[in-house]
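Worksheet for the structure shown next.
What follows is calculated from the coordinates using simple rules that are stated; it is not laboratory data. Being a predicted model, the structure only gives us computed values, none of them experimental. Glycine also receives a Cβ, built like all others from the backbone with ideal geometry; neighbour counts cover every protein chain displayed.
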Amino acid sequence: MSDWLIGDCVFSSLAEGSRLPTKGVVMARFLALRRANRSKETREIFCEILKEIQDLWEKAGIPTKSNCSCVNEMMKMHAEMSSIKKIPAGKRNEYFATTKINKFSSSLKELLDLSPQDVDQLKTSRNPNASIDYQFLLAQREIPQRGYIDRLDKKHFDREAKKQKRSASLSRLSATHLPIAQQEQDDSSESELHVSSDDDYSLSSRATPRPCSITLQLPAKTILKATAQAADARDLSVRDHIAMLASTINAGGGDINDVTLSVASGSRQRRQNRRELINNMREQFIKPHHVVIHWDTKLIK
């Protein structure tokens, strides 16, 4: 189904898209829902559309304005569309009507921007993904839009999963803290009574016995290179890497002056280690017949 002003209707949910919806997409979705249920009020339809849009904006990690402001923004578009459709077909070729129609048609290509006025604060946010989210928003504001968002933003999914896990842990802890403390107190009192009444009782430890100390042989000149891969994997800086190794050597009673520990050596040995890893990966890589490209977050360029 097509409309002479908006174009083809959108029958699928906007939450399934890979881009933030433009004004034209939102109005096409409105026409589809309107034709499916003509008795529903306009504002009620836009509230339903807003829920779909908010799901997509939430995946993009970009905040939105209040629900009332978002719905009012869509109601303004509907009012402008209704005023244009009231123009008789015989007068649509006149200069005033053509100018109005062309202006509205051009605006349909623009992003329905639901971001608040202070959205640029994402640039200075402590969230490491906020900068990418803001760059993605700027790309979506362009005509035509640049960039895509995967239907399941993995980084967003991980953030939400951590929040839910943390919230569930706190709730579980607050609900069981007092009963557990009381139970432990009762158990301790019972065990004391049992020990005092049984002379043959012996407490066996569940922990695996460990030696008090161990002896290691560490490479004095290439210790930084030997531990570089783990340091890179944990995203440690060269200085943090050296500090950890120095504290380990001191804890073992060694002399750090006997070991090569410097920022220059650490940087050089890390580069050598990365070259060796890359060369090994290139030699062992087997070229597949088919390749599937998948990205975990937003694709801007």
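Per-residue Karplus couplings for segment 227-240, computed as 6.51 cos²θ - 1.76 cosθ + 1.60 with θ equal to phi - 60°, are listed in order as 10, 5, 5, 5, 5, 5, 5, 8, 6, 8, 6, 5, 5, 5 Hz, Gly and Pro entered as x. With a threshold of 25 Å on the Cα-Cα distance, the over-threshold entries among K65/K85; K51/K103; K51/K162; K23/K298 are K65/K85; K51/K103.
Using Cβ point charges alone (K and R +1, D and E -1), the dipole size of the chain about the Cα centre works out to roughly 2360 debye. For C68 and R271, the FRET efficiency from 1/(1 + (r/R0)^6), where r spans their Cβ atoms and R0 equals 51 Å, is about 0.35. Coupling constants for segment 73-89 follow from the phi torsions by the Karplus curve (6.51 cos²θ - 1.76 cosθ + 1.60, θ = phi - 60°), and in residue order they are 5, 6, 5, 5, 4, 5, 5, 5, 5, 5, 5, 6, 5, 7, 5, x, 4 Hz; glycine and proline get x.
Summing Lys, Arg as +1 and Asp, Glu as -1, what charge do residues with Cβ under 15 Å from the Cβ of A97 carry, A97 excluded?
+4
Apply 1/(1 + (r/R0)^6) to the Cβ-Cβ distance of I286 and T260, taking R0 = 51 Å, and write down the FRET efficiency to the nearest 0.05. Here the calculated transfer efficiency is 0.85. Here's how it looks for D3: its modeled amide H is under 5 Å from those of D8, C9, which are all 5 or more places away or on a different chain. Taking every DSSP helix (H) stretch of at least 4 residues in the chain, weighting each as -39,500 (n - 2.57) and dividing the sum by the residue count yields a mean residue ellipticity at 222 nm of -18500 deg cm²/dmol. Compared with the alpha-carbon gap, the fully stretched path from N37 to S167 is longer by 42.8 nm at 0.36 nm per residue.
Taking a ≥ b ≥ c as the square roots of the eigenvalues of the Cα gyration tensor of the chain, is the shape rounded (a/c under 1.5), prolate (a/b larger than b/c) or oblate? Cα axes put the chain in the oblate bin.
Which is the longest run of the chain containing none of the GluC sites (Glu not before Pro) found in DSSP loop states (not H, G, I, E, B) with at most 13 other C-beta atoms within 10 Å?
Segment 143-301 is the longest.
Taking a ≥ b ≥ c as the square roots of the eigenvalues of the Cα gyration tensor, an a/c ratio of 1.5 or more together with a/b larger than b/c marks segment 223-289 as prolate.
A cut-off of 5 Å between modelled amide H atoms, ignoring neighbours fewer than 5 places along the same chain, links T22 with L112. Available extension along the chain between S107 and A251 is 45.1 nm, counting 0.36 nm per residue and deducting the alpha carbon span. By the count of neighbouring beta-carbon atoms within 10 Å, fewest first, F11, F136, F30 end up ordered F11, F30, F136.
The order of the peptides 17-23, 83-89 by mean Cβ neighbours within 10 Å, most packed first, is 17-23, 83-89. Using θ = phi - 60° and the Karplus form 6.51 cos²θ - 1.76 cosθ + 1.60, what ³J(HN,Hα) does each residue of segment 262-275 get, whole Hz, x for Gly and Pro? Those phi angles translate into 8, 5, 5, 5, x, 5, 5, 6, 5, 4, 4, 5, 5, 4 Hz.
Close amide H contacts of R146 (hydrogens built in the peptide plane, cut-off under 5 Å, sequence separation of 5 or more or a different chain): Q140.
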